[in-house]
Amino acid sequence: MSESFVIIGDGVAGSSAAETLRENAPDADITVITDEGEALYNRILIKEFAKGKLPEAPISIHEESWYDERDIDLQLNTLVVDIDTDANAVTSHEGDSYEYDKLLIATGGTPAQLPVDNSDAEGIHHFWTFEDARKIKADVEEADTGVIVGAGLLGIDFAAICGAQDVEAHYLMRGNAWWRYALSEEGAEILHDAMRERGVTPVFDSGVDHFEVDDDGHIESAVDPNGEEYDADFAGVAIGLDINTEILRGTGLDYDDDGIIVDEYMQTNLDDVYAAGDCTKFNDLILGDQAQNGAWGSAKAQGECAAKNMLDYGDDEFRWVSSYSITHFDFPFLSFGHPTQGDDSVERKYSDTEWRRLALKDGRIVGGVLIGDLAPQSAYKQLMREGTHVGDEKEKLVEKSFSVDDLEAPVADD
């Protein structure tokens, strides 16, 4: 009798898992369940669509026929409301039951809501799905002023969207720099200048105390904790994800507010349940600690890794150096690994649009940010994968044309 696999979530983690399962288990029963109304699309490109730079067509990755051709049962518009790990079954909002031999949870998360008055007003947007992008595009095209909240990688997408659509916007940041846990003020100022050139003004030591709305319930302005008011008929909020843990209660799965705990094989504490993507805290063999990383490449690799181990546990350990690039500006920007982690760092500025910073832990690179020149990324990622101790020569790492050969005697972990 063939094995049955149920996958909750059709993002890149769930979809890549389904594809890997089918390639390696041609007779298996595979079901993919998603609460979205469309099959896998490119979450990286939806920001270009919202900016008005791309039509819808190139963003779709899989049509429903892709699943049919591979004999994968795709259930769209289906919300899983219960997971019974004793009975090895999940239940949908319509009461349908799906039994499994192995289960993969790849549900991602839900954008966190600002806990302030009127945060649900018309004109206030979160950015996660293709449908979100459609609503953002429609609203921002009609807007004159805007505010952005959330000084991270999704927040800057909102800044770029406002800039591309000629919306005069204020970017309200709690600290003194954009993505202050990964960039120093010197590095962040390169991004700040690029925003200003596009009509987006960074406002530091700010945030939102509450939104003001008109008689129709549409946003009119944002008031920050300092009492400053910023006109806005459009707002973008990107303050992180809330992992849907309610569905996990009573399952016996180990999880916390940051995600489902999995090992380096993407297996949970239950032998027949795996997890991948944003909803996981995995055993990062490079960082040497539990970590979370749902970037596109990482999530795809996690899905593939989970599928291989669902078929044969221990077959494939997850060892991945993730990357995230921003292409909104005239210079390239790349983060890799875990740039907000570590106990030490080294950085250098080379020009008004060229800077780099590396995060280190126990003398080894665990992440970094490159602005302007991305050429050294391969060398840095190699050192990360090999676990090379570089702490004694960290200043060499930020030489303009660094290569691995520049290190005197690199020592890798056994």
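Quick look at the numbers
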{"quantity": "Amide H within-cut-off set for residue 221, under 5 Å, with H built and near neighbours excluded", "calculated": "212, 232"}
{"quantity": "Surface share of carbon and sulfur [accessible, 1.4 angstrom probe, percent] for region 267-414", "calculated": "40 percent"}
{"quantity": "With every protein chain in place, region 1-100: carbon and sulfur % of accessible area (1.4 Å)", "calculated": "42 percent"}
{"quantity": "Among 60, 78, 106 - extreme Cα towards positive end, dipole of region 1-112, charges at beta-carbon", "calculated": "60"}
{"quantity": "Cβ charges +1 (Lys, Arg) and -1 (Asp, Glu), total dipole of region 130-202, debye", "calculated": "240 debye"}
{"quantity": "Placed amide H near residue 117: partners under 5 Å, 5+ positions off or other chain", "calculated": "211"}
{"quantity": "Largest to smallest accessible area among 139, 392 [probe 1.4 Å]", "calculated": "392, 139"}
{"quantity": "For peptides 284-294, 163-173, sequence by mean Cβ density within 10 Å, most packed first", "calculated": "163-173, 284-294"}
{"quantity": "Loop-located GluC sites (Glu not before Pro) in region 228-288 whose Cβ has at most 15 other Cβ within 10 Å (DSSP)", "calculated": "228"}
{"quantity": "Highest-first arrangement of 329-340, 296-307, 175-186, where packing means the average Cβ count within 10 Å", "calculated": "296-307, 329-340, 175-186"}
{"quantity": "Compactness relative to 2.2 N^0.38 Å, alpha carbon Rg of region 243-352", "calculated": "1.24"}
{"quantity": "Under the Karplus curve 6.51 cos²θ - 1.76 cosθ + 1.60, θ = phi - 60°, whole-Hz ³J(HN,Hα) for region 131-143, x wherever Gly or Pro sits", "calculated": "5, 4, 4, 5, 5, 4, 4, 5, 6, 5, 5, 9, 8"}
{"quantity": "Principal semi-axes in Å for region 231-279 [√(5λ), Cα gyration tensor, largest first]", "calculated": "31, 12, 7"}
{"quantity": "For region 369-384, 3J(HN,Hα) per residue [Karplus equation, 6.51 cos²θ - 1.76 cosθ + 1.60, θ = phi - 60°, Hz, x = Gly/Pro]", "calculated": "9, 10, 10, x, 10, 9, 4, x, 4, 4, 5, 5, 5, 4, 4, 5"}
{"quantity": "Highest-fluctuation residue, 54, 383, 103 considered, GNM on the chain with Cα pairs under 10 Å", "calculated": "54"}
{"quantity": "Cα convex hull of region 166-246, projected area averaged across orientations, nm²", "calculated": "7.4 nm²"}
{"quantity": "All aspartates and glutamates inside 16 Å of residue 400 as judged from Cα atoms, apart from same-chain residues fewer than 8 positions distant", "calculated": "347, 352, 354, 373"}
{"quantity": "q = 0.14 Å⁻¹, the chain: log10 I(q)/I(0) [Debye, one scatterer per Cα]", "calculated": "-1.31"}
{"quantity": "The chain - share of DSSP beta bridges that are antiparallel (%, nearest 5)", "calculated": "60 percent"}
{"quantity": "Rg/Rh for region 21-71, where both radii come from Cα atoms and Rh is the Kirkwood radius", "calculated": "1.09"}
{"quantity": "Under the Karplus curve 6.51 cos²θ - 1.76 cosθ + 1.60, θ = phi - 60°, whole-Hz ³J(HN,Hα) for region 259-272, x wherever Gly or Pro sits", "calculated": "x, 7, 7, 10, 8, 6, 9, 6, 8, 7, 6, 9, 4, 9"}
{"quantity": "Surface/4 estimate of mean projected area, convex hull on alpha-carbon atoms of region 289-340, nm²", "calculated": "4.3 nm²"}
{"quantity": "Debye-sum result for region 117-189 in log10 I(q)/I(0), which assumes one identical scatterer on each alpha carbon, at q = 0.18, 0.20 Å⁻¹", "calculated": "-0.75, -0.89"}
{"quantity": "Two-decimal Rg to Rh for region 98-256 - Kirkwood Rh, Cα set", "calculated": "1.04"}
{"quantity": "The chain, helix-only ellipticity at 222 nm - DSSP H runs n ≥ 4, -39,500 (n - 2.57), divided by all residues, nearest 500", "calculated": "-6000 deg cm²/dmol"}
{"quantity": "Residue pairs, from the table 137/300; 361/394; 102/281, whose Cα atoms sit over 21 Å apart", "calculated": "137/300"}
{"quantity": "Accessible area per residue in Å² at 1.4 Å probe, computed on the chain", "calculated": "44 Å²"}
{"quantity": "D (Stokes-Einstein, µm²/s), Kirkwood Cα radius, region 1-119, 0.692 mPa s at 37 °C", "calculated": "209 µm²/s"}
{"quantity": "Cβ charges +1 (Lys, Arg) and -1 (Asp, Glu), total dipole of the chain, debye", "calculated": "1500 debye"}
{"quantity": "Principal axis dimensions, largest first and in whole angstrom, of region 322-410 by Cα", "calculated": "37, 22, 19"}
{"quantity": "Dipole magnitude (debye, nearest 20) for region 96-159, charges at Cβ of Lys, Arg, Asp, Glu", "calculated": "260 debye"}
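The values are calculated or read from the model by the stated rules, or taken from the named source; none is laboratory data. Note that this is a predicted model, so its numbers are computed, not measured. Here Cβ is always computed from backbone atoms with ideal geometry, including for glycine, and neighbour counts include all displayed protein chains. Areas reflect the complete protein model, heavy atoms only, side chains present, ligands, DNA and RNA absent. Shrake-Rupley method; radii C 1.70, N 1.55, O 1.52, S 1.80 Å.
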